[in-house]
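Readers should treat all values here as calculations from the given coordinates under stated rules, not as data from a laboratory. Predicted model, so just to flag it, every value in this text is computed and none were measured. Counting neighbours? That spans all protein chains shown, and the Cβs are built from the backbone with ideal geometry, glycine included.
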Amino acid sequence: MQFADVALHLPLDQTFTYAIPQGLRSAIVPGVRVRVSFQNRVVGATCVTTHDRAPSFAVKPLLALVEPKPLFTPTMLRLARWIARRYGAAIGETLDAALPFAVRSGGQGRSILVVEPLADRAALDTAMTELEGKQPKQARALRLLLEAGEPLELRELCARAKTGESPIRTLAKHELVKLVKTAAKPKDMFSEPIPHEPDKTLTTAQTLVLGAVLDAIATGRHREFLLFGVTGSGKTEVYLQALSEVVRRGQQAIVLVPEIALTPQTVARFRARFRRVAVLHSHLTDAERHQQWRAIQRGEADVIIGARSAVFAPTPRLGLVILDEEHESTFKQQNSPRYHARDVARTRCRFERAVLLLGSATPALESYQRALSGRSTVLKLKERVGGGAFPDTIVADLNQVVPGTRVRFLSDRLRALMDHVLARGEQVILFLNRRGFATGAWCNACGVPLKCPHCDIALVFHRRIGRVLCHYCGHEQRLPETCATCQKPFRLSGFGTERVEDEVRNFFPRARVARMDSDTMKARGAHEAVLTAFRERKVDVLVGTQMIAKGLDFPDVTLVGVVSADTTLMIPDYRAAERTFSLLAQVAGRAGRSDKGGIVLVQTRNPDHFAVRLALLHDFETFARYELDARRKDGYPPFGHLARVVIQGPIEADAERAAAQLRDGLGEWCADDTVEILGPAPAPIAKINEQYRFHVIAKSRHRSGITRFVRVVRTWPRPPGQVRVLLDVDPWGML
Ligand code: ADP
Ligand code: ZN
């Protein structure tokens, strides 16, 4: 072939044609990585097709072949095309999202830049105080580095501090930190063997479930299953035995779990059964990820465990993909390509004739409806292995607080129960889906909340660092003494996990309390350390956000308190009830995992809401029936599809005008009524990081309507100025 069409890492739908130099004619095949010159720069690209059709314009020659072996199989190229079309992403960025950074850049990922604190701690603290206010990004990066308690990779620190490299390089120039180039020493993936554990003898229910999955695997055809089983019902044991069969047949399997559940314990459970397990997640260094990816590509790993992007693991013979906790929002990618790993996994399994196994105690309504309509097969595990009753549940109505008493975050009822449980030497989990000390700071006199200067969102006070933070852009500052408008002092109100922890310490001074949220869990291993302390009974009360709601199994937890069920219920999103249900059901599953029994107490201002009631009864099916009825009426997913376009820019009027023009253009095109267009309207968070945001939402009963909408938006002329158009198909959240 004389020509190659290549995809560049650019937000462009088209591919570019280059001539293949004589010497490379046989080596350039679809899927190989090449280097080309584009706008006078040498850039990496992926060859998507080769052909002999000479274009009408003069073509440049391709510069080099990065490595002889294709990085993408024809199936993976096809999958990337599917993703690009479905989500309105460019093929180049989609292909790049499927490759680890080190593989993509053609490097061997052998050296990385690591940031180490340099001066002594006291000097750094002084420097940090000086930088605050003047150089907030530098101050933040420095603080996060110290909090991590170990050197961090430069890229990692940038990500955590939400900044580019330059503030950190400035810190290095001022000799506060040192940038060290080190050879990455990748861990050997198959080292430290752990003792082999034999398969468990399955219960009757598990046997039936496994049988159905094994039958499908044996046919070598694509099938989809939804394993709907309460927590502790033995789903993981079924996964393990299904995986055994796949491995025995000489195929590979991918197990996708939410990032947060990808703990050493989880991995150990798989490694105790399988020798060749590869792990792909965000805490690996570039070099480690590179090494794992290569091993998978060579077929040296049988079972691949990973977060969302592991759906692209380059397994040569894929037999099975498992998505555990398939309802979790973290399977949806938040930047382009904004894919959902469940949908990508389904399509990949279809292309590769593999079996897809989704598992959850609270399935996503999309997955559940698929099963109801016969497009997948539901398999149920209704009981916990070894019995284990569900906990008793109590709803504490926060509306019932006696007037005149100070509203406490821990009701009298909850405190009485805690007293009782702690006196018996048992453990308590307190859950609240909101971090920080207070939700916000309000001016006592004019009632105006203290807002982020860059975003249209209230700042949250964090007492540990004595500062207010923006949870969106990372801005932080001191809490001003007085309101800028009326000079009256600020009042803190609302509450987050930090304040709950405080309250527990006040009421139960002898209890050992730990908190787990994204503020306290920044250091590597912190998550593990807290869970181990809790497991070893060195902690009596664990306070946390949804981080503690997942898959943890502690026999001595006999009380779970949900400090407020209202945080998710109040989110302006059609999924609010579903999210509340699944969160409450998961949290409630944490109590009473042993014969000691357990109690779940939920504090709420919406005690009669069906999501609250039914979650506590563990009645997913009734919940699903109600909620699906409502969704069907309104044409929301799974009965319709949504896509959202955010039009944003630093000048409000520009963004607003572009949004209105887009809307008008779409109006003409949508005359056939199959797509409903809503907006433009200011997004619920109207400004983030100095960007004014407007959105337009498309809703259609048919996928084809959304695909058409996506095509129109993608081909829409670029708005003038600095206005950007972001497209999110099947959005998760509309803020
Ligand atoms: P799930 O994944 O549904 O939460 P698990 O597979 O983790 O459930 O099972 C819960 C507990 O029961 C685990 O400790 C597991 O080892 C144990 N278990 C699962 N299946 C069996 C079985 N057939 N016999 C004995 N113990 C089992
Ligand atoms: Zn902000």
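Could you list, bin by bin from short to long, the percent of Cα-Cα pairs of the stretch 206-375 in 5 Å steps?
1, 9, 19, 24, 24, 15, 7, 2, 0
Got a sec? Which residues in the stretch 283-308 would a label at residue 105 touch, if it sits 7 Å along Cα→Cβ and we count backbone N under 16 Å?
Flagged as within label range: 284-291.
Determine the dipole magnitude for the stretch 620-704: charges of +1 sit on the beta-carbon of Lys and Arg, -1 on that of Asp and Glu, nothing else is charged, the reference point is the Cα centre, and the result goes in debye to the nearest 20.
On the way: 12 positive and 13 negative charges, 58 e Å.
It comes to approximately 280 debye.
Mean residue ellipticity at 222 nm from the helices of the chain, using -39,500 (n - 2.57) per DSSP H segment of n ≥ 4 over the full residue count, to the nearest 500 deg cm²/dmol? If you can, show how the numbers build up before the last one.
Working: 22 runs with 238 residues, N = 735.
Using -39500 (n - 2.57) per qualifying helix, the result is -10000 deg cm²/dmol.
Quick one: length gained pulling residue 536 to residue 13 fully straight, 0.36 nm per residue minus the C-alpha distance? Walk me through the numbers before you get to the answer.
Numbers: separation 523, 0.36 × 523 = 188.28 nm, distance 5.43 nm.
Gain in length upon complete extension: 182.9 nm.
Could you go through the stretch 64-71 in sequence order and give the Karplus-derived ³J(HN,Hα) for each residue, using 6.51 cos²θ - 1.76 cosθ + 1.60 with θ = phi - 60°, rounded to whole Hz, and x for Gly and Pro?
7, 9, 6, 8, x, 7, x, 7
Under the rule of at least 5 residues apart or a separate chain, name every residue whose amide H is placed under 5 Å from the amide H of residue 483.
So residue 483 has HN proximity to 488, 490.
Skipping prolines and chain starts, which residues have an amide H placed within reach, meaning under 5 Å, of the one on residue 31, given they are 5 or more residues away or on another chain?
47, 48
Considering the options 253, 285, 268, tell which one lies farthest towards the positive end of the dipole of the stretch 206-375, charges being +1 on Lys and Arg and -1 on Asp and Glu at the Cβ, about the Cα centre.
Farthest along the dipole direction, towards plus: 253.
Output ³J(HN,Hα) for the stretch 454-465: one whole-Hz value per residue in order, computed from phi by the Karplus curve 6.51 cos²θ - 1.76 cosθ + 1.60 with θ = phi - 60°, and x for Gly and Pro.
Computed from phi, the couplings for the stretch 454-465 are 9, 10, 8, 8, 6, 7, 10, 7, 10, 6, 3, 9 Hz.
Using the Cα centre as the reference, give the magnitude of the dipole from point charges on the C-beta atoms of the stretch 130-283 (Lys, Arg: +1; Asp, Glu: -1; all else neutral), rounded to the nearest 20 debye.
Values: 24 positive and 17 negative charges, 79 e Å.
Here the stretch 130-283 has a charge dipole of around 380 debye.
Among 700, 582, which comes first, then next, by fewest other beta-carbon atoms within 10 Å?
Numbers: 700 22, 582 27.
Least to most surrounded, the residues fall as 700, 582.
Output the antiparallel fraction of DSSP beta bridges having both residues in the chain, as a percent to the nearest 5. Don't jump to the answer; show the numbers that get you there.
Numbers: 64 of 117 bridges.
Taking every DSSP beta bridge with both residues in the chain, the antiparallel ones total about 55 percent.
Which value, in debye to the nearest 20, describes the size of the charge dipole of the chain about its Cα centre when Lys and Arg Cβ atoms bear +1, Asp and Glu Cβ atoms bear -1, and nothing else is charged? Write out the running numbers ahead of the final one.
Values: 104 positive and 78 negative charges, 255 e Å.
Its charge dipole is roughly 1220 debye.
Taking the Cβ of each residue in 368, 626 as the centre, tally the other Cβ atoms inside 10 Å and list the residues starting with the fewest. Each step should come with its number before you reach the end.
Working: 368 25, 626 14.
The fewest-first ordering by Cβ neighbours comes to 626, 368.
If one computes P(r) from the Cα atoms of the chain, what percent of pairs lie at distances over 49 Å?
Working: 44277 of 269745 pairs.
Distances greater than 49 Å cover 16 percent of the Cα pairs.
Once you place label points 7 Å from the Cα toward the Cβ at residue 397 and residue 215, how far apart are they in nm?
Simple spin-label model gives 4.9 nm for this pair.
Counting only residues 5 or more places away or on other chains, whose amide H sits under 5 Å from the amide H of residue 448 once H atoms are built in the peptide plane?
Excluding prolines and chain starts, which carry no amide H, the hits are 443.
Between residue 669 and residue 715, what is 0.36 nm times their sequence separation minus the Cα-Cα distance? Round to one decimal in nm. All intermediate terms of the calculation are to be shown ahead of the outcome.
Working: separation 46, 0.36 × 46 = 16.56 nm, distance 1.27 nm.
Result for the pair: 15.3 nm of gain on full extension.
Karplus couplings for the stretch 650-666 from phi (6.51 cos²θ - 1.76 cosθ + 1.60, θ = phi - 60°), rounded to Hz, Gly and Pro as x?
Here the 3J(HN,Hα) series is x, 10, 4, 5, 4, 5, 5, 5, 4, 5, 5, 5, 4, 4, 4, x, 5 Hz.
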